[in-house]
Amino acid sequence: MDARGPEVRFEGVARSFGGGGVAGVDCTIAAGSFVALVGTSGAGKSTLLRMVNRLVEPDRGRILIDGRDVAEGPAPLLRRHIGYVFQSVGLMPHMTVAENIALVPRIAGLPAPDGAALLEMVELPPEYAGRAPAALSGGERQRVGVARALATGAKLMLLDEPFGALDPVTRDGIGRRYRELHARLGLTSLMVTHDMAEALLLADRILVMAKGRIVGDATPAGMLAGKAGAEADAMIAVPASQAARIEALRR
């Protein structure tokens, strides 16, 4: 595998869910990039993300990872090579932190990961390895979730509102740390978030979704310069207005 994470390509991908879903997406995520998917609730962001590791199957179109169709072969085998971090973390409560981190490699028949090194990556001390998830704070559990996603050596990471349940200070700290890991490990990261400020600060590129389609595509600088369309402008206006109101309180 290349030192960088893989390229991900969507070709005419669609999936219907009642009145929502994904209505036909053509897009290429460059190898080693950090892309944020933003949009209002029901825009299709999480559906698009989950089709990459086949938690949701498309009605039509295909998704390619480094040129290979994800539909080839069994879905569980595909998922062993894709890291997945989600808001609820999903740690096994009856397992220790170390056992949770090693779970996917063990199921996949891979060598046991270096738990201490993975904990260090997410800035948790090695003695946390023997603790139960219930003994950790929400931020600590989310860090373990990131370590678990990295445990197989996956270079493609899918993040579905990964930090949304955390307080602002913890969320900012974990986001910064993940961004550092993304760069250091050469990952390809695709993150769903409702937080435009988070997208602007972490991603290299932002895709704006509305009604199942990509309606805006730009770098953070391009987004701020108004180059991604009306939906993007409306989302950027919220944190911009909040920042202006906060600044006004200082006067």
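The values are calculated or read from the model by the stated rules, or taken from the named source; none is laboratory data. It should be emphasised that the depicted structure is a prediction, and the values quoted were computed from it without experimental measurement. Every residue, glycine as well, gets a Cβ built from its backbone with ideal geometry; the counts of neighbours run over all protein chains shown.
Scanning the stretch 196-229 for residues that are without any contact (Cβ under 8 Å) to a residue 12 or more places away in the chain and farther than 28 Å from residue 177 by Cβ returns 225, 226, 227.
Residue 115 falls short on exactly one of the conditions (1) farther than 24 Å from residue 50 by Cβ; (2) surrounded by fewer than 20 Cβ atoms within 10 Å (Cβ to Cβ), and that condition is (2).
Results for (1) closer than 21 Å to residue 20 by Cα; (2) out of contact with any Asp or Glu (no Cβ under 6 Å at 6 or more places or on another chain); (3) not basic (Lys, Arg), shown as yes or no for each residue.
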position	(1), (2), (3)
191	yes, yes, yes
197	no, yes, yes
201	no, yes, yes
207	yes, no, yes
218	no, yes, yes
221	no, yes, yes
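Only residues that are surrounded by fewer than 17 Cβ atoms within 10 Å (Cβ to Cβ), in contact (Cβ under 8 Å) with a residue 12 or more places away in the chain and among the aliphatic types (A, V, I, L, M): list them for the stretch 151-172, please. Answer for the stretch 151-172, where residues must be surrounded by fewer than 17 Cβ atoms within 10 Å (Cβ to Cβ), in contact (Cβ under 8 Å) with a residue 12 or more places away in the chain and among the aliphatic types (A, V, I, L, M): just 165.
From 139, 90, which residue is free of Cβ contacts under 8 Å to residues at least 60 places away in the same chain, out of contact with any helix residue (DSSP H, G or I) (no Cβ under 6 Å at 6 or more places or on another chain) and surrounded by fewer than 20 Cβ atoms within 10 Å (Cβ to Cβ)?
On the way: 139 fails: out of contact with any helix residue (DSSP H, G or I) (no Cβ under 6 Å at 6 or more places or on another chain).
Criteria check complete, one pass: 90.
Taken together, 212, 222 contain a single residue that is out of contact with any His (no Cβ under 9 Å at 6 or more places or on another chain), closer than 28 Å to residue 80 by Cα, of a type outside the set (Lys, Arg) and at pLDDT 85 or above, which is 212. When 39, 61 are checked against the criterion of being closer than 25 Å to residue 197 by Cα, in contact (Cβ under 8 Å) with a residue 40 or more places away in the chain and among the small types (Gly, Ala, Ser), a single residue qualifies: 39. The residue pairs whose first member lies in the stretch 178-191 and is under 11 Å from residue 36 (Cβ atoms), whose second member is among the basic types (Lys, Arg), and whose beta carbons are closer than 6 Å, counting only pairs six or more residues apart or on different chains, do not exist in this structure. Restricting attention to the stretch 128-177, the residues that are in a helix (DSSP H, G or I), more than 19 Å from residue 88 (Cα to Cα) and touching a Leu at 6+ places or on another chain (Cβ under 9 Å) total 3.
Name the one entry in 176, 205 that is over 20 Å from residue 66 (Cα atoms) and surrounded by fewer than 23 Cβ atoms within 10 Å (Cβ to Cβ). So that I can check it myself, show each step before the final result.
Working: 205 fails: over 20 Å from residue 66 (Cα atoms).
From the options 176, 205, the qualifying one is 176.
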